[in-house]
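Below is one structure, written out as structure tokens; the observations come after it.
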Amino acid sequence: MSRAIINTKIYDFEHFIPNGYVIFDGKILEVGDMKDFIDQDYELIDGKDFLTMPSLVSAHTHIYSTFARGMSVFFDPKNFQDILDQLWWKLDRQLDNQMIYYSGIVSAVDSMKNGVTTIIDHHASGIDITYSLESLKKAVVNDAGLRAAFAFEVSDRFPVEEAIEENRIFYEENQTKKARGLFGLHAGMSISEDTLKKVKKSLGDAPIHIHVAESEMDEEDSLNKYGERIINRLNRHGLLNPGSIIAHAIYVDDDELRILKEKNAVIVVNFSSNMNNSVGIPNLQKFRKHGVKVIIGNDGISSSMTSEYLALYYATHLLDQNPKPFGLNELKQMIDDTYQYANNLFKIKIGRIKKGYDADLLMIPYIEPTPISNDNAFGHLFFGLFNSFKPTNVFVNGLYVVENYQENPYLTTLYKEAKDEAKKLWDRINEVKK
């Protein structure tokens, strides 16, 4: 039976309907004004005092970071490498597939409750590499019902051939509208020339997903070791396939941006994480000047995307020392570009509430305290909802993943069990310290 959300405000970053309806199954079948609605025995969902909109996309995250919440380790970083050494590399090297699965459950549930239903993950794990991406897929896609793309961070920290094979096999075997693979690399500073040559032999046409110039140290390392900047180095090895994701890119120069534009790669920015790590923030004006598409992730610092939109907007104003160059229209374009990247990757149509689009939707309570129209609907979202964004209902492919604020009870049970896996992980990390 098809569903119909009725009596609802509808906004899809392009069009606003003050009192409309959406009929859908796996796809959106019809959208219109309530005066034109004809009930044909649909399952009716009353959207009065709700805003219905497309669910959201996180274009770069680290699902395993969910198990860092509340973790206590020695932490006295002097630079970005210390942050990796003292926190993240202690954590990821102790992950096994059971822990990976449960981290996926936690991340998926937290994401869907924030209206995020499409996730592009960048994974690393030291104990189990083989089947690690399948463990994530089982949790996030099979059991939680979200869309997700996964990649393993190849680096010289872990057995290179095994990590390459994990990427290759997952990419080749996952080409569906719910699950996709990319070819993961950690960062230039942790990847030798020999490793990049091995990656090239297995890469095929897969887009890469890699951290680039997250800190100045990454570029300095590349210049000192190889006499060239990171993007030039990746390009020399022939690794920049179309659709490659370049995460962070805070310190790339004009020549690197020219290459990214030529290769049809995208930059994914993660402002909250950058500020937290004190590494700086990306210069969006420079990216736009070179015509490089920029999409938005959260780097695993949270499961929210609306908080990222806020951080990005305000921090860019601070960097520019001028609110004019980057306004709400520029932010909306980045959100649209994020949807478009997901559409191209998964071969789907999300991000609009139009006939023929996939029914990845959310409903969030909103009674507007000031007039709302097509001209200012995004401003209502940004200043009225993004700071506290908790949808009541969330759908993927027309199916509930959140209903009346609740996930499937089966997921709730697994979510509670995750604490035991986190404790095992923390105990392993503490044993290594001893």
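A few notes on this one:
- Test: residue 299 is over 21 Å from the mean Cα position of the chain (by Cα), outside the structural domain of residue 382 (by TED's automatic domain parsing) and not aliphatic (A, V, I, L, M): no
- For residue 229: the one exception among (1) over 21 Å from residue 182 (Cα atoms); (2) over 22 Å from the mean Cα position of the chain (by Cα); (3) surrounded by fewer than 19 Cβ atoms within 10 Å (Cβ to Cβ): (3)
- Of the helices (runs of 4 or more DSSP H) entirely within region 177-262, those holding at least 2 residues that are assigned by TED's automatic domain parsing to the domain that holds residue 278, hydrophobic (A, V, I, L, M, F, W, C) and over 19 Å from residue 83 (Cβ atoms) occupy 193-203, 230-236, 254-262.
- Of all residues in region 64-121, those being modelled with pLDDT under 95 and at positive phi number 1.
- Yes/no for residue 94 being in contact (Cβ under 8 Å) with a residue 12 or more places away in the chain, assigned by TED's automatic domain parsing to the domain that holds residue 280 and in a helix (DSSP H, G or I): no
- Top-ranked residue of region 111-139 - restricted to ones that are outside any strand (DSSP E or B) and under 13 Å from the mean Cα position of the chain (by Cα), ranked as nearest to residue 303 (Cα to Cα): 111
- Residue match in region 398-412 (condition: under 18 Å from the mean Cα position of the chain (by Cα), of a type in the set (D, E, K, R) and surrounded by 20 or more Cβ atoms within 10 Å (Cβ to Cβ)): no
To keep it simple, each residue is scored yes or no on (1) more than 24 Å from residue 120 (Cα to Cα); (2) in contact with a Phe, Trp or Tyr (Cβ under 8 Å, 6 or more places away or on another chain); (3) not assigned by TED's automatic domain parsing to the domain that holds residue 372.
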{"site": "31", "(1), (2), (3)": "yes, yes, no"}
{"site": "50", "(1), (2), (3)": "yes, yes, no"}
{"site": "71", "(1), (2), (3)": "yes, yes, yes"}
{"site": "75", "(1), (2), (3)": "yes, no, yes"}
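- Listed conditions (1) in contact (Cβ under 8 Å) with a residue 40 or more places away in the chain; (2) in a helix (DSSP H, G or I) are all met by residue 170, apart from (1).
- Listing of strands (runs of 3 or more DSSP E) fully contained in region 1-49 that carry 2 or more residues being touching a helix residue (DSSP H, G or I) at 6+ places or on another chain (Cβ under 8 Å) and buried (at least 23 other Cβ atoms within 10 Å of the Cβ): 16-24
- Screening residue 334 on (1) aliphatic (A, V, I, L, M); (2) assigned to a helix (DSSP H, G or I); (3) outside the structural domain of residue 274 (by TED's automatic domain parsing) shows it passes everything except condition (3).
- Test: residue in region 353-364 that is closer than 30 Å to residue 283 by Cβ and either in contact with an Asp or Glu (Cβ under 9 Å, 6 or more places away or on another chain) or not assigned by TED's automatic domain parsing to the domain that holds residue 118 (or both): no
- Residue in region 396-417 that is modelled with pLDDT of 95 or more, of a type in the set (S, T, N, Q) and under 28 Å from residue 334 (Cα atoms) present: yes
- All conditions but one from (1) within 21 Å of residue 5 (Cα to Cα); (2) over 20 Å from the mean Cα position of the chain (by Cα); (3) touching a residue at least 40 places away in the same chain (Cβ under 8 Å) apply to residue 394; the one that does not is (2).
- Filter pass, residue 344 being modelled with pLDDT of 95 or more, within 21 Å of residue 246 (Cα to Cα) and not in a helix (DSSP H, G or I): no
The values are calculated or read from the model by the stated rules, or taken from the named source; none is laboratory data. Note that the coordinates shown come from a computational prediction; the quantities given were computed from them, not determined experimentally. Cβ sites come from the backbone with ideal geometry, for glycine too, and all protein chains shown count toward neighbours.
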